[in-house]
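Just so it is clear, none of the values below were taken in a lab; they were calculated from the coordinates. Note that this is a predicted model, so its numbers are computed, not measured. FYI the Cβ positions are ideal-geometry reconstructions off the backbone, even for glycines, and counts take in every protein chain you see.
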Amino acid sequence: MHQDHSHWEILKSDVLIIGGGFGGLWSALRAAESGVSVTLVDKSFAGKSGHSYFAGGAMMVLLPDDDLDEYVYDITLGNEWLVDQEMVAEVFKGSYDRLKDLESFGLPFRKNGGSYVWTKARGTRNVKNLWPEHATAADEVTILRKVALARDVKVVDHVYIYDLVKGADGGVAGAVGIGVKDPKNFLLHAKSVVIATNSGGYRGHHLACELQGTGPFMAYDAGARIKNPEFHYINIRPAKHEIEGSGILPAIGARWTNAKGVHYMETYDPVLKDRAPVSKIVVAAAKEAMKGNAPISIDVEGMTAEEREKFRVLQVSHGWMPILFEKCRREEGYDLLQDNIEWQPAYEANKLGVDADLNCVTALDGLFAAGMARPLGINPFTGWSIASCTWSGYRAGESAGEYAKGIALKAIDFDALTESTEIFLKPLTPEEGMDPDKLVHEIQKILFPVDALIIMSESKLQNALDKILAIKAENLPHLKATDVRTLIKVKEAQTMMLSAEMTLKASMMRKETRENIFYREDYNRVDNENWLKWIYAAKGDDGEIRFSTEDIPFEKYPFKPEN
Amino acid sequence: MIRSIDKKACIGCKICEMICPGDVIVMDAECKAEIKYAQDCWTCFSCELACPVKAVDVHPFRKPRPMAW
């Protein structure tokens, strides 16, 4: 961990991509295809880390005979009007070509008699989800990595990027990182950079335990804008074990029930009932708990044999799910299809991202954003994540490649580089200090309870913010690292503190409710008059968060709310 | 969370160490996989699935973390 740069590993390329999931790998493929040199860096093993590897594999696709407007309308409605409709259209316009690309890479999608097999995406009327044949998203990203390597992308695994590097002219000129397994300093010098690191979070439930936001927030620190800081993805999960995918049980015949044995979803959504979107199920469960009706469980007794089989085929037939279900049955003594177990809402991820346009260009010269690191809407529809990360990865790779073709490598501002490295390494210096894991636990204690980000109100948000600001003043300056691993954790904890402050303040700004994506009990109606807006956050000259809002440009869009 | 690695069975192929997204596993002096940072395990089962000799055991225990209520 030297600061003398002569000891550093310096890698030069035209395009640098940070993150090895769908967004990053598609960026790498596309940029390499255009003839530029590409380096892709991942904090773990690109293609096997992050969220992409663990996704189910469904991908929304607009087939040649489908109507683009119908798709755009459904996704817009699912985001309750707060989505960039032009971006949604772009995601679908390229989707069939990317499907064909995947097939040409050796990953066929399910067909029956020459036609693609599809399922209707939950929460939409017309959007089709296509499924890889005998495969999950893990197989998809594994293949994308192989194709990237075949196209001469230099893949650098196990290097954690902690800051962007600026050129002497102020544009982004690369990134600086540290080896996770071998603690070497890395300077990744490039003409353009794609940030594809996912959004952020607070080390939430199960696989979301990796989400902490270094990517978008290092762009924020360098001068980029953050969009959608007030939105989150909160799921509902078994209370005792880390089990994915079983939340679809009520969508196929099971029913939510409270401690009194009441099937309560009829009260909250008389039409969709137990098939309501996850966000509504989360709020309903929270309200039941606040009324004293916890524990909440899924009643599987009324499921038919056919419904149980459907669940087995969809969720328990591939990848790691069979092992997980078998261990619950054998060692914990319950079967998710036989026993009614307790569930609780569980924080997963925030939905903020680095503001970027339809070409994935950010406000920072030389910086592009792909995947969940850029805003891709708020509603986490099944199949949307892979489709939108694929589109933005491809587009960002194209843009970053084109940008790099016209210019030479920018001269590095070594003074700024030395400063950011010193800041990163500083927590190694003090003799004593706070363990970053402990600080993260304190953040989770503030943000994960039902009355912080699930059932929101001015007083609850202010209460949470006061606690966060107290930690910021008392503990944040005194985090202590003992090795590279804890040094990274300190950086992540600092990021989560900033993210928590930003999200709580932004949530107080939005004084309305959009029932499927944002629930405030003190402003419990949609306010289209005042809140057809996006919230942005940028770093002020004084280091404080500066918020702004912009009207959603409905004059450019095909669909507008009627009132 | 990862529960155990059977060192007698481990053949030292390093696959689990390489693919673990949480960098939970290290190789010991005898090139056998060892659980070093169990608290950082994602419970993703990647290591258990990838192990060619089935030496790794992951359990769906919930990590201790604050709950909704």
Can you pull out the cysteines in the protein assembly as shown that have no other Cys Cβ under 4.7 Å? A:209, A:328, A:360, A:389, B:10, B:13, B:20, B:31, B:41, B:44, B:51
For the range A:298-339 and the range A:492-563, compute the distance between their C-alpha centroids and round to whole Å. 39 Å
Scoring the range B:2-58 by relative contact order with C-alpha pairs under 8 Å, at least six apart, yields a percentage of 45 percent
Using the charge dipole of the protein assembly as shown (Lys, Arg: +1 at Cβ; Asp, Glu: -1 at Cβ; taken about the Cα centre), state which of A:536, A:448, A:13 has its Cα farthest towards the positive end. A:448
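Size of the dipole of the range A:235-291 about the Cα centre, Lys and Arg at +1 and Asp and Glu at -1 on the beta carbon, nothing else charged, in debye to 20?
160 debye
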For peptide A:320-327, what's the mean number of Cβ atoms from other chains within 10 Å of each residue's Cβ? 4
The range A:241-340: relative contact order in percent, alpha carbon pairs under 8 Å with at least 6 residues between: 31 percent
Could you derive backbone 3J(HN,Hα) for the range A:73-84 from the dihedral phi with the Karplus parameters 6.51, -1.76 and 1.60 (θ = phi - 60°), listing whole Hz in sequence and x where the residue is Gly or Pro? 4, 4, 5, 5, 5, x, 9, 6, 6, 8, 10, 6
Shielding of B:34-45 by partner chains, average beta-carbon count, 10 Å: 4
Using 0.36 nm per residue, how much length does the chain from residue A:358 to residue A:168 gain when fully extended, once their Cα-Cα distance is taken away? 65.6 nm
Please report, to one decimal in angstroms, the Kirkwood hydrodynamic radius of the protein assembly as shown built from all distinct Cα-Cα pairs. 24.9 Å
For the range A:54-115, run through the chymotrypsin sites (Phe, Trp or Tyr not before Pro) and keep only the ones in DSSP coil with at most 15 other Cβ atoms within 10 Å of their Cβ. A:105
Residue A:483-residue A:9 pseudo-label distance in nm [points 7 Å out on the Cα-to-Cβ vector]: 1.8 nm
The range B:2-58, dipole about Cα centre (Lys/Arg Cβ +1, Asp/Glu Cβ -1), debye to the nearest 20: 160 debye
Förster radius 25 Å - calculated FRET efficiency between residue A:112 and residue A:142 (Cβ-Cβ, nearest 0.05): 0.50
Could you check the simple spin-label distance between residue A:65 and residue A:342, using points 7 Å along Cα→Cβ, in nm with one decimal? 5.1 nm
Counting only other residues whose beta carbon sits under 14 Å from that of residue A:172, what net charge do I get with K and R as +1, D and E as -1? -3
Mean-position separation - Cα centroids, the range B:1-53 and the range A:102-171, in angstrom: 26 Å
Sorting A:212, A:341, A:470 by the position of each Cα along the dipole of the protein assembly as shown (Lys, Arg +1; Asp, Glu -1; all at Cβ), the one nearest the positive end of that ordering is A:341
Between residue B:31 and residue A:407, take the C-beta separation as r, use R0 = 41 Å, and let me know the FRET efficiency to the nearest 0.05. 0.35
Table column - 3J(HN,Hα) (Hz), the range A:332-339, Karplus curve with 6.51, -1.76, 1.60, x for Gly and Pro: 9, x, 9, 10, 4, 9, 10, 10
Share of Cα-Cα pairs in chain B beyond 18 Å, whole percent, is 31 percent
Considering only Cα-Cα distances, which of the following residue pairs are longer than 20 Å: A:181/B:14; A:12/A:227; A:426/A:489; A:48/A:310; A:154/A:351; A:166/A:191? A:12/A:227; A:48/A:310; A:154/A:351
Check cross-link reach from residue A:291 to the lysines: straight Cα distance under 23 Å, and skip same-chain residues fewer than eight apart. A:240, A:260, A:273, A:280, A:445, A:460
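Over chain A, calculate the relative contact order: mean separation of alpha carbon pairs under 8 Å at least 6 apart, over the residue count, as a percent.
21 percent
Using 0.36 nm per residue of separation minus the Cα-Cα distance, give me the extension gain between residue A:134 and residue A:429 in nm, one decimal.
Length gained between residue A:134 and residue A:429: 101.1 nm.
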In straight Cα distance, which lysines are under 19 Å from residue A:100, not counting same-chain residues fewer than 8 positions off? A:111, A:128, A:146
For the range A:403-414, just list the computed ³J(HN,Hα) in residue order, Karplus coefficients 6.51, -1.76 and 1.60, θ = phi - 60°, integers in Hz, with x standing in for Gly and Pro. 4, 5, 4, x, 9, 8, 4, 6, 5, 6, 7, 5
Where does chain A land at 222 nm, in deg cm²/dmol rounded to the nearest 500, when only DSSP H runs of n ≥ 4 count, each adding -39500 (n - 2.57), divided by all residues? -11000 deg cm²/dmol
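If you wrap the range A:241-340's Cα atoms in a convex hull and average its projection over all directions, what's the area in nm²?
6.5 nm²
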Checking the cross-link filter: which aspartates and glutamates have an alpha carbon closer than 18 Å to that of residue A:43, excluding same-chain neighbours under 8 positions apart? A:9, A:157, A:163, A:182, A:210, A:483, A:492, B:17, B:23, B:40
For the pair residue A:474 and residue A:103, the simple spin-label estimate (label points 7 Å beyond Cα toward Cβ) gives in nm 6.1 nm
If you place +1 on the Cβ of every Lys and Arg, -1 on the Cβ of every Asp and Glu, and leave all else neutral, what size is the dipole of the protein assembly as shown about its Cα centre, to the nearest 20 Debye? 1000 debye
Set the Förster distance to 25 Å, then compute FRET efficiency between residue A:415 and residue A:541 from the Cβ-Cβ distance, nearest 0.05. 0.85
